[in-house]
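Values quoted throughout were computed directly from the atomic coordinates according to the rules given, and no laboratory measurement underlies them. Small disclaimer: the values here were computed from a predicted structure and weren't measured. Here the Cβ positions follow ideal geometry from the backbone for every residue, glycine too, while neighbour counts run over all protein chains shown.
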Amino acid sequence: MTGQRPDDETFLRSHLADLPRSIDPPRDLWPAIEGRLAPRARARPRIALYRLAAAIALVALSSAVTWYVARRSDAPVAVATAPVDRAGLARLARAGDIMEQGLGSSSLAPATRAVLARNLVVIDSAIAECQRALDADPGSPVLAGLLRAAHRQRVEFLQQAARLPRS
Amino acid sequence: MRPAVLLLALILPVPLMAQQRIDRRMAVSSTASIRINDLVGMVRLVGWDRDSLVVVGELPARAGQLYFGGSTDAAKVGLEGTDTGSVVTSATLEVRVPKHARVSVRGAVVSLDAGGLEGDLDFITTAGRLHVEGAPRTVTAETLDGNVEVAGPVASLRVRTAGGTVVLRGVRGDLTVTTVSGAILIGGARISRARLETVSGEIAWKGAIERGGTLDAQTHSGNIELRLPPTLGADLELSAPSGAITSEFTLKGKPSASGTLRTSIGDGGAAITARTFRGRISLLKQPEVDANPAAPGGISGTSR
Amino acid sequence: MDPDALSLEVRRAQAGDADAFAALYRAHAGRVYAMCLRLEGDPAAAEERTQDVFVRAWDRLPGFRHESAFSTWLHRLAVNVVLAHRRATWRRDLRVAVVEEPELLESPRAAPDPGTRMDLDAAMIRLPPGARAVFVLHDIEGYGHAEIAEMTGIAEGTSKAQLFRARRLLRRALDR
């Protein structure tokens, strides 16, 4: 019995390789799905009032975060001697998350969204890399400073995105 | 439509038919606020000695309609009804403004060449390119994906781009440049304060720092190259946890275990901080006689 | 869809943007439907389950932490949705482990037309439900026997037995 098993597996391998990973449904299922989405789903950014509210909220949020970041970035730059401020890092990360959530519900052109996403990947990778290094060397003020700077760059980049002309 | 007109319409080439000739003029004050919205294609912005606002040029039909108006203290120029489904590159406009005017440019895609301005220039676009020559009092430029090039003794300059390259020549005073992946290339600078930050781009600096001034350069994964006057006095804090620190200046001391070197060159005075997580830091001496002092420092492999 | 654009669409959909979620549906409907069709073996049921998957994904999306690719998260969710729907009958079907005697293997649902060469999808649809489920999850979706056991509530050995059975039946069908 076990002698036969590899044969079946090998036999099927070429068939599996040819198997389409994707099969289009015979009809568009989206209208039916959309009709079943919970009320949260009805938040459509095409509604002008929603857009206006989102824009106002984003500007307000951006201003609040600007104050926060400006307050922090005016500090002396001698990061090599700065203590590791984990709570401050967490606050900065949270501010970025809130900005990103706010931006997600705003109405930007697809091409702009793609540029945003591409650059967020660059920043997020830098944050992850600094975080890993800091995890390995938790007392390093240099790494903490670099991580903090990466978080601040994320917030400032999202602020820039919030100021962009809407589509 | 009369037959002759119809015939003319049929035989005229489409682009010619579709092109609008623009020539609009109005009087404004010498320090007026001029707002330029949603222009497309190539735009030349010229500061001149007259107290008037002029827009001349040609627009394809799909660029939409030009609006133009306002008061002597605040005027507005822009396009409405632009075909957003296509990229309009054939528009060519020249906007002349009083040289001390405050000019604000907003839009999605515009390539702006500015010259002769001595007031404030504010430029916020998604994919716009900006080239400024001259000495505006301040330049604030934000573009998501466009390059920014400024040549001239701008006293205060703030540039932010995500993927674009920033090239600055001969800038003065106060400088803040931030990119995500774009390179920051600066030549012939003399600043009192500069903050240069990028995430994955390179930083190349060639210029002087005033006594008591600060230069803060930071990149996560790029290299930092600083070409400094041989006689410069500065206190240095250089951090490169994963890369090397090399110098043509004699540096006393050694990097700490965390990769930070704190030292001085000359008699100190200016403060220079350079940090890169993954790249290297190079300190180079600027030639005593620099054939082209305003040429930005370069890093091999950096695209311009 | 470009992966970067997709990531932003996910974030927008998490924030409640139904248009972004529609874009995610367009990007993933084909793969989800293919899996549902293969697990259910019936196009009408596959359409139902595909709808269920996206409705459930919308409800669960705020909790998606970006710790894995969105597609990975969605496909695991899809498997769970289909399994939950068919749990009672599938458990029974999956537990039918007949490995001692190949002759005891169940026959495919319906024989193909004589002279017609079958493709793998057509052959899979004719598999008994239990064998089909394990084959789809293991050989197509890439889950291990331990994961399949965890998802379906059967023993690992039963999963292996059903896979053997599915492969044998498929080979017979395709060898004709």
Over chain B, the sum of -39500 (n - 2.57) across DSSP H runs of at least four, divided by residue number and rounded to 500 deg cm²/dmol, gives at 222 nm -1000 deg cm²/dmol
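Could you list A:ILE33, B:ILE203 in order of exposure, starting from the residue whose Cβ has the fewest other Cβ atoms within 10 Å?
Working: A:ILE33 22, B:ILE203 29.
Least crowded to most crowded, the residues run A:ILE33, B:ILE203.
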The answer for the longest stretch of chain B without any exposed GluC sites (Glu not before Pro) (DSSP loop, at most 16 further Cβ atoms within 10 Å) is B:119-247
Taking r as the C-beta separation of B:ARG280 and B:ASP113 and R0 as 56 Å, the FRET efficiency to the nearest 0.05 is 0.95
Any lysines whose Cα falls less than 18 Å from that of B:LYS76, other than same-chain ones fewer than 8 residues away, would be B:LYS99
Taking alpha-carbon centroids only, the stretch C:35-53 lies from the stretch C:121-167 a number of Å equal to 17 Å
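Sorting A:TRP30, C:TRP58, C:TRP73 on the 10 Å Cβ count, fewest up front, what's the list? Before the final figure, lay out each step's value.
Values: A:TRP30 16, C:TRP58 23, C:TRP73 19.
By the 10 Å Cβ count, ascending: A:TRP30, C:TRP73, C:TRP58.
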Label model pair C:ASP175, B:VAL46: point-to-point distance (7 angstrom along the Cα→beta-carbon line) in nm is 8.6 nm
